[in-house]
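I have placed the structure first, in the form of structure tokens, so that the comments after it can refer back to it.
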Amino acid sequence: MLLKVNPNRMELLRLKKRLLVAKRGYKLLKDKRDALIQVFVRLAKESDTVRVELEENLLKCYTFFSNASTLMSKLTLEETLMFPKAKSETEVSFKNIMSVNVPQYEFKCEGKYYSYSLVDTTAELDGALKKYHDILPLMLKVAELDKAIALLANEIEKTRRRVNALEYVIIPDLEETIAFITMKLDEMARSTNSAIMRIKDIIRA
């Protein structure tokens, strides 16, 4: 589509500069999109691997805890777990991936994860709590990867729209307008040359 501009040399120079900038921007955005897609695919594969590992460990935790629940009464189990001594927190930092701030989670725990006498409880409960404690960093890793994938997918989509706008709208419109102005200027130049030739002929006559 032709842009609404005056067909003169100043506009032609301005549009040629815009076209040059647009083509550079298109190349940079296309490279960024391709790099983002590579990182996205790598994180998606890593997420699948970590998720499978997490599910396997959760299944083991459920098995241990189910065995503990069978060997201990519900009341005793509730009283045993009523007053935890451990204090846990998650520290959040950010990593920049191709202008996308991706969160990174770090699990920290102070104190012991069990708060009961080892004499009055079963080994199954000890094993279950230890396994739950051990998989918390893995759960955070899954959350971290899921958030990173979501953010990258959003950035890929935005970059893709910009690339498409440059490739199919902005650059073609600029090229078409430049060609139109060039044609108009050539016509004006030919018309001017014809007028000059006629004037010369009249003067000679």
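The values are calculated or read from the model by the stated rules, or taken from the named source; none is laboratory data. These numbers come from a predicted model, not from an experiment. Cβ: placed from backbone, ideal geometry, glycine included. Neighbour counts: every protein chain shown.
State which residue pairs qualify: first residue more than 12 Å from VAL39 (Cα to Cα) and in contact (Cβ under 8 Å) with a residue 24 or more places away in the chain and inside the stretch 149-160, second residue among the basic types (Lys, Arg) and assigned to a helix (DSSP H, G or I) in any location, beta carbons under 7 Å apart, and separation of 6 or more residues or different chains.
Pairs found: THR159/LYS32; THR159/ARG33; ARG160/ARG33.
Please specify each residue of the stretch 144-193 satisfying the condition of being surrounded by 13 or more Cβ atoms within 10 Å (Cβ to Cβ), small (Gly, Ala, Ser) and closer than 30 Å to ARG51 by Cα.
If the condition is that a residue be surrounded by 13 or more Cβ atoms within 10 Å (Cβ to Cβ), small (Gly, Ala, Ser) and closer than 30 Å to ARG51 by Cα, then ALA148, ALA153 are the ones that fit.
I'd like to check something: does the stretch 88-97 contain any residue that is of a type outside the set (S, T, N, Q), surrounded by 12 or more Cβ atoms within 10 Å (Cβ to Cβ) and either at positive phi or at pLDDT below 85 (or both)?
no
Rundown of residues vs (1) farther than 18 Å from ARG160 by Cβ; (2) over 24 Å from the mean Cα position of the chain (by Cα); (3) aromatic (Phe, Trp, Tyr); (4) surrounded by fewer than 16 Cβ atoms within 10 Å (Cβ to Cβ), yes/no style:
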{"residue": "LEU36", "(1), (2), (3), (4)": "no, no, no, no"}
{"residue": "ARG42", "(1), (2), (3), (4)": "yes, no, no, yes"}
{"residue": "ASP48", "(1), (2), (3), (4)": "yes, no, no, yes"}
{"residue": "GLU56", "(1), (2), (3), (4)": "yes, yes, no, yes"}
{"residue": "PHE64", "(1), (2), (3), (4)": "yes, yes, yes, no"}
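Quick one: is LEU151 farther than 30 Å from LYS30 by Cα and modelled with pLDDT of 90 or more?
Spelling it out, it is not the case that LEU151 is farther than 30 Å from LYS30 by Cα and modelled with pLDDT of 90 or more.
Would you pick out the residues in the stretch 127-144 that are over 26 Å from the mean Cα position of the chain (by Cα) and not basic (Lys, Arg)?
GLY127, ALA128, LEU129, TYR132, HIS133, ASP134, ILE135
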